[in-house]
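Q: I have a structure I would like to understand better, so I am pasting it below and will then ask my questions one at a time.
Every read-out reported here was derived from the displayed coordinates using simple, explicitly stated rules and does not represent laboratory data. Nothing here was measured: the structure is a model prediction, and the numbers come from that model. Cβ placement follows ideal geometry from the backbone for every residue including glycine, while neighbour counts extend to all protein chains displayed.
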Number of protein chains: 4
Amino acid sequence: MASQQQKLNVGVLGATGTVGQRFILLLADHPQFNLHALGASSSSANKTYSEAVAGRWKQARPIPSNIQNLTVQECRPENFSDCEVVFSGLDSGPAGPVEEAFRRAELRVFSNAKNYRQDPLCPLVVPLVNTDHFDILDYQRSQLQPPTKKGFIVTNANCSTTGMVVPLAALEKKFGPLDKVIVQTMQAISGAGYPGVSSLDILDNIVPHISGEEEKIEWEAAKILGGLTEDKTAFDLHQNSPMKVSAHCNRVPVIDGHLETVSVSFKNRPAPTPEQVKEALREFEPEPLKLKCHSAPKIAITLHDEVDRPQPRLDREWQNGAGVNVGRIRECPVLDIKFVVLVNNVMLGAATSSVMNAEVALAKGFLS
Amino acid sequence: MASQQQKLNVGVLGATGTVGQRFILLLADHPQFNLHALGASSSSANKTYSEAVAGRWKQARPIPSNIQNLTVQECRPENFSDCEVVFSGLDSGPAGPVEEAFRRAELRVFSNAKNYRQDPLCPLVVPLVNTDHFDILDYQRSQLQPPTKKGFIVTNANCSTTGMVVPLAALEKKFGPLDKVIVQTMQAISGAGYPGVSSLDILDNIVPHISGEEEKIEWEAAKILGGLTEDKTAFDLHQNSPMKVSAHCNRVPVIDGHLETVSVSFKNRPAPTPEQVKEALREFEPEPLKLKCHSAPKIAITLHDEVDRPQPRLDREWQNGAGVNVGRIRECPVLDIKFVVLVNNVMLGAATSSVMNAEVALAKGFLS
Amino acid sequence: MASQQQKLNVGVLGATGTVGQRFILLLADHPQFNLHALGASSSSANKTYSEAVAGRWKQARPIPSNIQNLTVQECRPENFSDCEVVFSGLDSGPAGPVEEAFRRAELRVFSNAKNYRQDPLCPLVVPLVNTDHFDILDYQRSQLQPPTKKGFIVTNANCSTTGMVVPLAALEKKFGPLDKVIVQTMQAISGAGYPGVSSLDILDNIVPHISGEEEKIEWEAAKILGGLTEDKTAFDLHQNSPMKVSAHCNRVPVIDGHLETVSVSFKNRPAPTPEQVKEALREFEPEPLKLKCHSAPKIAITLHDEVDRPQPRLDREWQNGAGVNVGRIRECPVLDIKFVVLVNNVMLGAATSSVMNAEVALAKGFLS
Amino acid sequence: MASQQQKLNVGVLGATGTVGQRFILLLADHPQFNLHALGASSSSANKTYSEAVAGRWKQARPIPSNIQNLTVQECRPENFSDCEVVFSGLDSGPAGPVEEAFRRAELRVFSNAKNYRQDPLCPLVVPLVNTDHFDILDYQRSQLQPPTKKGFIVTNANCSTTGMVVPLAALEKKFGPLDKVIVQTMQAISGAGYPGVSSLDILDNIVPHISGEEEKIEWEAAKILGGLTEDKTAFDLHQNSPMKVSAHCNRVPVIDGHLETVSVSFKNRPAPTPEQVKEALREFEPEPLKLKCHSAPKIAITLHDEVDRPQPRLDREWQNGAGVNVGRIRECPVLDIKFVVLVNNVMLGAATSSVMNAEVALAKGFLS
């Protein structure tokens, strides 16, 4: 393991929030990154992390002992000057200008916020899918006014998009472009942050609407599953083979773990059989696994044979939530194939994606 | 209101079960039916209803006082000889032979069990959709060996099918045949009876599988939405315009109320707009409403304008659960239109359908 | 039933909140009160009630049709000049000065807020327990500066206190003063209002603390169960026979209905047997029942014989939540007797108490 | 770590049940015990463990890979002849004769079943409280007909008793005998096994009764907190200073973790202050900690300063559920002191207690 000196200093923005807490658990003992600086709103500034997060730490594990007494600072670049990388768990309100300021200050920003996902220069990267999109980063830096030397922004995807695109990527890799996708999500309450969903709204209930979520899924899928243009200056948005995506999003009384039912059809005929689909998902080995990244799962897509799996409560902790779980692969009477996918929304669906993205970026030399 | 003498004597089979309890609440004070006889397994026989159901009555309302002391009997026709009609809440195990014996004994059986739903002589009737299927009853009686004079079996549909086909029927009535339907269900635990779903399986969890449910939805929809042949001796099963239906079924931690997300496409082009769809649903007035049946809702399909409705806990009791609730009608990027539908699975999805079917049958002279 | 003209005009303050919504359901069709005016914060003023409460109406029944288009006004007495009585569902923040202003303006205020519960002139009345405390109202009016002619404030108790004191009152009536009471509450989320408890705090969880609740129970019990001094100018606070009360309060994932386990000991020896206790609870008939008040339950304390009742979900709607449910009466190895009590916190524990208090006040001439 | 040869071979009875699954997770990788044999009912016999438990494995972690292919056998001593110790997760039905047969066959039985808890020769041991009770084991063996050389039975306590007696033992150690204890439990559904509690009984609900539970708490506390007679042939059952215990038991919609509110009084006056109580709990260091047993927690009683802790969901996994959590220590207006305690019912409240008992027995030479 790297000694403390060899590790890369990193910071966390929005450190007291739900996503920020997950960043802290992932980074407190990371072999390559040294969690050096914590940023939050001005009301938390100059408190120890324990003080700042008092009453809001909602994790089953206690605050890591080496983090408890770190001083929280305002999210200004000068407070993070010793860092090479910052992970952003900021809300979308402050995320836009703050992340931009950090990029300007030559920090690499790996963001869980939605603000730059649709930016034509920022990669929207699900680490188990499209880490090749990092190749646009040189162009991103060159296009800023003035250009940066090191600073860039990489975003990860919406949690429910993330779960869906991993098996879709495996299918496209093996069978060529998808034509149509209908996805219905059953999303955990932790996806809404804290305090988030009122218990009166969700106990003994389902809410069949999550603001902006369906649009995100329908749009993000094309950016993630598409490639870069040949000159690596733009995203092709899957336009060579336009893909129709329709999402129905629901909030359910589950703590963690988004479950999604998916029907898909393929451009190429004949469509693969369920057995061929299983084989394709089983053999899918994306870049973080090949690179043996610290946060990468051993198995990208865990297939379940039992007829009633995956289930959020039983399967979300598998591989520390870093992979996805797929089950019930069968023919769809309307499209070609249907199945169920589970993603741990607070892990791969959020903080784990950012961290794994940074690990891949480090391994591939984008952080030098 | 009819005097006690003018009311039709009716019985309930499976009276101590979850569906049976709902029959009792619906029939204890019915203006046209007099609840006269209760049937259950031999272990309950010769007990008062209160004794027989002790520890298993799971309704928020107490046992109606006029039913508490009715003696429960075994489900044999001779114990129901004073009845004209029986409602069956039997499990599928005993339902087959018992319902057949009652039909033979010249009783009209309105059954919630699945056993005769696929029978080519038995109507599968969602009262807000296809009460015209009663027209096959003469033929059903004529084909029995020996033919019956009065006895017949009418079934109602699976609870999740019921919720879906009401808006689909309204759409087909207005816009012609549907082409494709993809439905995802989020089904309440009460649909599995008592004790049914273990709390360890469903608290903080979703189970993405309900045995046989997807097949029921995919098959039943065609029988219900199809018509009778011209000579009224068979069901056309929607074969003039085959319809593809694909279902994803899930069990969720909700007490009552199945929520379903639905995407549909139409045979006729251009497809209707969301506004036209709303209009069609709003004006849908099926036979029980025209006949002003006692158990019929005032509004067959209640449309919700709020972006996050219907919701099970807030909307399932509306109209005593006798209608369906629809919301979020919008264009589907893959098929034509998508929306959300809620059905109260223990009311319209079960006992209320049987009772409303009997009310329509009475009004149309099928019980004379 | 009284004609519209003969009904007393009443208003509701805090009409858009959780308690306010319950007031509206109770008053929309009341035989003696005509719901004439609605008050809320300035952001709701001049909207129709439907508009003002959009997205916040969380009741299983829709907004009563005769209330939907009532105009909401600011909570100023001049907007309620046609009313005789106002019911206050205000939060404790605004409740203090607003209720005082309404009293000054000669309105009778029946308040669910906590602000005046400890006031030495204001009765703290659980309608099934101590409506005799209304006798202090003349003195209350006389002591104001300047004295009012009609205006007064009556409060009702905290929801968990309310559930406990009803059986305790029945026991004291029959067996003399209590000595010690230990109560543990399991309180529903609706007690915290909306949005209230975050789902992340309560799903698959218990929170063993509710701010200020234990102190309220321990203090309010003495005021309610005590009497008035002989000259009817003060509350005796049970001081002739001081009673020790200890409360453990917990929030649980239940929508409505506070369940409480109670152990009590009596001053007089020998203590009553469980059978004598049952008899005392069964025969308890407080004033609202004798006066046949509209909102009064038929049975003040419903006794359950089943070993596992009462239960919130099964028993909270009994009698529209206007009485209490008691079960498991047995000897306590530490004190004398122990039992379980259920109170519907949003009905008798809140709005129903205020309305029933007003009904008793009307019947006894305090509103003339 | 001991080599495989040096480890003690152990077996698990009832290996497919809820408690058995926890034994397997605790023992699959134990430094001193080698999980060698699995016993279950005849329907599971001769299957691999994976086959036998298919559809019933309800743990968030998968079946340990070294256990998946172990062959399950019937619970007969000859199938466990290579074992020194067996852990019993049997239901109380089979547990009585089966455990007796294993003892006769010279196996040491550490049982989670209730059958021998009240046996005058069998220690009832909460490992954080009364491991000194092992001193009766010689006498137990001598009194059997015929006496055994090695075989004995040690039981652990009911899960809710276990949580309560740990802080009570710390208090008695410091402040002398307790006089009175009133405890209210809010018990997780996992305490009832699988399928256990029906979801229809517990969702949005509390059940204020658990069969036999209150009696167990009230009786077991005296055996555990009492000592042995001087000659180590009997349990004194706390009779030198009789202690009154009263329990109110409730089932709540929580997966794991029993929360209990406790009020206690002391024989000696003056009673300790809350600060003194905190100090006593903090310094409590029972034998498994001193012996540094593998399964022992670092801290026996974790004190929480936050006003709303411990909470089941947030604190049950702390120290892998091997200790207890206590909070809200304050004066009780009726008895002396009151507080809240959380025990992980499936860990310290069940399998962890058996395993820790065996570890202590091993360390103290009782397994030679």
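Q: Enumerate the amide H contacts of residue D:245 below 5 Å, restricted to partners 5 or more residues apart or on another chain; note that Pro and chain-start residues carry no placed amide H.
A: Residues meeting the amide H criterion: D:181.
Q: Using the basic label-point model (7 angstrom from Cα toward the beta carbon), what is the residue C:239 to residue B:244 distance in nanometres?
A: Result: 8.3 nm between the two label points.
Q: Could you compute the net charge surrounding residue A:197? Neighbours are other residues with a C-beta less than 11 Å from the C-beta of residue A:197; K and R count +1, D and E count -1.
A: -1
Q: Once all Cα-Cα distances of the range D:294-349 are split into 5 Å bins that start at 0, what whole-number percent is in each one?
A: Values per bin, smallest distances first: 4, 21, 28, 21, 14, 8, 4, 0, 0.
Q: While we're here: Charges at C-beta only: +1 for Lys and Arg, -1 for Asp and Glu. How large is the resulting dipole of the protein assembly as shown about its Cα centre, in Debye rounded to 20?
A: Dipole of the protein assembly as shown, to the nearest 20 debye: 0 debye.
Q: Output, in nm with one decimal and in ascending order, the distances from the residue A:143 label point to the matching label points of the other copies (7 Å from Cα along Cα-to-Cβ).
A: Nearest to farthest, the other copies are at 6.8, 7.5, 8.5 nm.
Q: Another one. Springs between alpha-carbon pairs under 10 angstrom, Gaussian network model over chain C: which of C:321, C:227, C:11 fluctuates most?
A: C:227
Q: Still on this model: About the Cα centre, and with charges only on the beta carbon of Lys, Arg (+1) and Asp, Glu (-1), how big is the dipole of the range D:285-326? Nearest 20 debye, please.
A: Dipole magnitude for the range D:285-326 comes out near 200 debye.
Q: Antiparallel versus total DSSP beta bridges in the protein assembly as shown: what percent is that, nearest 5?
A: Bridges in the protein assembly as shown are about 40 percent antiparallel.
Q: Using unit Cβ charges (K, R positive; D, E negative) and no other charged atoms, how large, in debye to the nearest 20, is the dipole of the range A:159-345 about its Cα centre?
A: Around 300 debye, computed over the range A:159-345.
Q: Which of the trypsin sites (Lys or Arg not before Pro) found in the range A:1-110 are loop residues per DSSP with 15 or fewer other Cβ atoms within 10 Å of their Cβ?
A: A:56
Q: Say a label goes 7 Å from Cα toward Cβ at residue C:104 in every copy; what distances in nm does this one have to the rest, shortest first?
A: Reported distances to equivalent positions: 5.3, 8.5, 8.8 nm.
Q: As an exercise, use a Förster radius of 60 Å and the Cβ-Cβ distance of residue C:78 and residue D:298 to find the FRET efficiency, rounded to the nearest 0.05.
A: According to the calculation, E is roughly 0.35.
Q: What does the charge add up to near residue B:333, with Lys and Arg as +1, Asp and Glu as -1, over the other residues with Cβ less than 11 Å from its Cβ?
A: So the surrounding residues net to -1.
Q: Toward the positive end of the charge dipole of the range B:159-345, about the Cα centre and with charges on Cβ (Lys, Arg +1; Asp, Glu -1), which of B:281, B:181, B:221 goes farthest?
A: Checked the options; the winner is B:281.
Q: May I ask for the net charge around residue C:94, where only other residues with Cβ less than 13 Å from the Cβ of residue C:94 are counted and Lys, Arg are +1 while Asp, Glu are -1?
A: Surrounding charge for residue C:94 is -2.
Q: Over the range A:135-200, one equal point on each Cα, no solvent: what is log10 I(q)/I(0) by the Debye formula at q = 0.24, 0.27 Å⁻¹?
A: Listed by q, the Debye log ratios stand at -0.99, -1.13.
Q: If one takes the longest principal axis of the Cα atoms in chain B, at what angle in degrees, from 0 to 90 and to the nearest 10, does the Cα axis of helix B:352-363 lie?
A: For B:352-363 against chain B, the angle is about 80 degrees.
Q: For the rotation taking D to A, I'd like to know which residue in chain D has the C-beta closest to the axis, plus that distance in Å.
A: Smallest Cβ distance to the axis, with its residue: D:204, 2.
Q: Relative to the longest principal axis of chain A, what angle (0 to 90°, nearest 10) does the C-alpha long axis of helix A:159-175 take?
A: 50
Q: Now for a different question. Just to confirm the filter: which trypsin sites (Lys or Arg not before Pro) across the range B:290-368 are DSSP coil and have at most 15 other Cβ within 10 angstrom of their Cβ?
A: B:292, B:298, B:364
Q: Counting each DSSP H run of 4 or more residues in chain D as -39500 (n - 2.57), what helix-only mean residue ellipticity at 222 nm follows after dividing by all residues, to the nearest 500 deg cm²/dmol?
A: Computed ellipticity for chain D at 222 nm equals -7500 deg cm²/dmol.
Q: Count, for each residue of A:148-154, the Cβ atoms from other chains sitting within 10 Å of its Cβ, then give me the mean as a whole number.
A: Other-chain Cβ atoms within 10 Å of each residue's Cβ, averaged: 0.
Q: Determine ³J(HN,Hα), in whole Hz, for all residues of the range A:109-124 in sequence, where each value follows from phi through the Karplus function 6.51 cos²θ - 1.76 cosθ + 1.60 and θ = phi - 60°; x replaces Gly and Pro.
A: Coupling constants for the range A:109-124: 10, 10, 10, 8, 6, 8, 4, 9, 5, 9, 5, x, 10, 9, x, 10 Hz.
Q: In whole angstrom, how long is each semi-axis of the equivalent ellipsoid of the protein assembly as shown, when you take the square root of 5 times every eigenvalue of its Cα gyration tensor and sort them from largest down?
A: Equivalent ellipsoid of the protein assembly as shown: 46, 46, 38 Å, largest first.
Q: Which distance in Å, rounded to a whole number, links the C-alpha centroids of the range A:152-201 and the range C:25-55?
A: 41
Q: Restricting things to alpha carbons, tell me how big chain C is in terms of Rg and Dmax, in Å.
A: Rg and Dmax of chain C, Cα atoms, are 19.8, 62 Å.
Q: Taking beta carbons within 10 Å but only from partner chains, what does the mean come to for residues A:307-317?
A: Taking the mean over all residues of the peptide, I get 6.
Q: Across the residues of B:210-222, average count of Cβ atoms on other protein chains within 10 Å?
A: Counting other chains' Cβ atoms within 10 Å and averaging over B:210-222 gives 1.
Q: Between copies, how far apart are the residue A:78 label points? List them in nm, one decimal, shortest first, with each point 7 Å from Cα toward Cβ, please?
A: Result for residue A:78, in nm, nearest copy first: 5.3, 8.4, 9.9.
Q: Follow-up question, since we're still on this one. Using the alpha-carbon centroid of each, what span in Å lies between the range D:287-311 and the range C:9-23?
A: Between the Cα centre of the range D:287-311 and that of the range C:9-23, the gap is 48 Å.
Q: Using the Cα atoms of the range D:159-344 to build a convex hull, what is its mean projected area in square nanometres?
A: Quarter of the Cα hull surface area: 11.6 nm².
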